Amino acid sequence: MDLQVFGHQSPDTDSTGSPIVWSWYLNEKKGLPAVPKLLGEPNTEALFVLDRWGFEKPEIINRIIKGDSVVIVDTNNPAELPENINDADIQGIIDHHKLVGGLETSGPIDITIRPLACTATIMFDLMGEDVTDMPDPIKGLALSCILSDTLEFRSPTTTSRDRVVAEQLAKELKIDISNYASELFQAKSDVSDFSDVELLRMDSKKYPIADLSFRVSVLETTEPNMIFRRKKSLIKAMETVCLEDSVDHVLFFVVDILREESTLFVPDENIKKVAEKSFAVNVTDDSVVLPGVVSRKKQIIPNLKL
């Protein structure tokens with residue numbers, strides 16, 4: 001039975017590309033039959049990347065068959081994985097987020113969690129000399145993951161290692177990083193075909209604050225006005241997301257990639273309280289600008305309080 005490799009729900013470019021990258025490595029260099037999977041529909045940027053580098057979209061799954069062998073990448077949080085993830089035979093975890101806890105394994109496994117901006121950077125290092133055999137499409141996926149997760153090195157999560165690996169891959173592919181990143185962000189910003197509910201779920205994670213549960217959603221874009229024009233309907237759609245996803249509130253951050261700032265939608269007094277306590281701002285409207293805030297992992301989640 002093939003080893004399944006997948007990332008988190010609401011897959012972004014890293015959680016779409018890294019399972020393919022690691023499956024290539026397991027198949028071609030380790031002789032282990034592996035297949036990439038997705039835990040949801042990838043965002044527009046990830047779909048662009050798959051097409052750009054000639055890959056079919058991996059199969060989307062939502063449950064694990066008991067005993068399935070899996071490798072989890074780009075997360076270690078059970079809330080971002082199938083509900084029955086602990087029925088799986090987890091063989092390994094490769095991640096760059098904080099250790100959450102809650103996963104159970106049937107025996108010792110390989111776990112690599114490093115303070116880098118992107119899972120693909122970690123994989124590049126884990127492969128060692130085998131990276132020299134990476135075909136161009138796999139290099140292209142890895143480069144895309146790094147540029148996406150670092151917002152072309154704008155994100156405070158970016159490390160010197162992420163930059164070095166990205167620059168090496170770009171050089172080997174003869175790609176101009178700035179031009180290619182612009183293509184990625186343009187694809188990421190094209191969300192006109194998505195419903196309000198889909199936008200709120202597109203890049204989101206469940207997170208508790210005090211005794212309440214939140215869906216913390218981020219939408220990275222170079223065209224924020226496209227989203228701001230839908231603010232009223234997006235705020236209304238938060239009620240649907242809360243009801244269907246069993247959360248108390250939705251925190252929706254529109255990240256302006258070029259201006260390097262976020263705008264948080266403020267639909268009610270509870271979110272106003274969270275905004276003012278978490279980010280030391282004075283909220284007077286149904287949204288508030290947060291200068292310099294672009295990273296959910298490093299600047300949003302760690303600061304949230306109620």
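Throughout, read-outs are computed from the coordinates displayed, never taken from laboratory work. All figures in this text were calculated on a predicted structure; none of them were measured in a lab. With ideal geometry, Cβ positions are generated from the backbone for all residues, glycine too; neighbour counts draw on all protein chains shown.
Rounded to whole Å and ordered largest first, report the semi-axes of the equivalent ellipsoid of the stretch 196-303 derived from its Cα gyration tensor (root of 5λ).
Working: eigenvalues 67, 54, 36 Å².
Working through the eigenvalues yields semi-axes of 18, 16, 13 Å.
Quick one: Karplus J couplings for the stretch 83-99, per residue in order, coefficients 6.51, -1.76, 1.60, θ = phi - 60°, nearest Hz, x for Gly and Pro?
4, 9, 4, 6, 7, 7, 8, 6, 8, x, 9, 10, 8, 9, 10, 5, 6
For E129 and E261 in one chain, what is 0.36 nm times their gap in residues minus the Cα-Cα distance, to one decimal in nm? List each step's numbers first, then the result.
Numbers: separation 132, 0.36 × 132 = 47.52 nm, distance 3.86 nm.
Additional length available on full extension: 43.7 nm.
Which ordering of D136, D74, D68 is given by a fewest-first count of other beta-carbon atoms within 10 Å?
On the way: D136 14, D74 27, D68 20.
With the fewest neighbours first, D136, D74, D68 line up as D136, D68, D74.
Quick one: net charge of M1's neighbours, Cβ under 11 Å, K/R +1, D/E -1? Kindly include the intermediate steps, with their values, before the conclusion.
Details: positive: none; negative: D2, D68, D89.
Neighbour charge sum, excluding M1 itself: -3.
List the relative contact order of the stretch 196-303 as a percent without decimals, with contacts defined as Cα pairs under 8 Å and 6+ residues apart.
Values: 167 pairs, mean separation 24.7, N = 108.
It comes to 23 percent, rounded to a whole number.
Could I get the Rg over Rh figure for the chain? Both from C-alpha atoms, Rh via Kirkwood, rounded to two places. Numbers along the way, then the final one.
Working: Rg = 18.9 Å, Rh = 19.7 Å.
The Rg/Rh ratio comes out at 0.96.
DSSP loop trypsin sites (Lys or Arg not before Pro) in the stretch 165-249 with at most 10 other Cβ atoms within 10 Å of their Cβ, which ones?
On the way: sites: K171, K174, K188, R201, K205, K206, R215, R229, R230, K231, K232, K236; in loops: K174, R229, R230.
Counting only loop positions with at most 10 other Cβ atoms within 10 Å, the trypsin sites (Lys or Arg not before Pro) in the stretch 165-249 are K174, R229.
About the Cα centre of the chain, what is the dipole size in debye to 20, counting +1 per Lys and Arg Cβ and -1 per Asp and Glu Cβ, all else neutral? Each step should come with its number before you reach the end.
On the way: 33 positive and 50 negative charges, 150 e Å.
The dipole of the chain has a size of about 720 debye.
Which residue, V73, V281, V49, has the most motion in a Gaussian network model of the chain that connects Cα atoms within less than 10 Å?
V281
Rounding to the nearest 20 debye, state how big the charge dipole of the stretch 1-104 is about its Cα centre with +1 on each Lys and Arg Cβ and -1 on each Asp and Glu Cβ.
Details: 8 positive and 17 negative charges, 43 e Å.
About 200 debye.
Most mobile of S182, S278, S192 per a Gaussian network model of the chain (Cα springs, under 10 Å)?
Checking each option, the largest mean-square fluctuation is seen for S192.
Between the DSSP loop rule and a limit of at most 11 other Cβ atoms within 10 Å, which GluC sites (Glu not before Pro) in the stretch 4-108 are left? Mind dumping the intermediate values first?
Working: sites: E28, E45, E56, E59, E80, E83, E104; in loops: E56, E83, E104.
Sites meeting the loop and neighbour criteria: E56, E83, E104.
Tell me, what is the percent relative contact order of the chain, built from C-alpha pairs under 8 Å that lie six or more residues apart?
Numbers: 584 pairs, mean separation 41.5, N = 306.
Relative contact order of the chain: 14 percent.
Given only helices, namely DSSP H runs of n ≥ 4 each adding -39500 (n - 2.57), what is the per-residue ellipticity at 222 nm of the chain, to the nearest 500 deg cm²/dmol? The partial results should precede the final answer.
On the way: 10 runs with 114 residues, N = 306.
Mean residue ellipticity, 222 nm, calculated: -11500 deg cm²/dmol.
Under a 10 Å cutoff between Cα atoms, tell me which one of N270, N27, N77 has the largest fluctuation in the Gaussian network model of the chain.
For the chain, modelled as a Gaussian network with Cα springs under 10 Å, the answer is N270.
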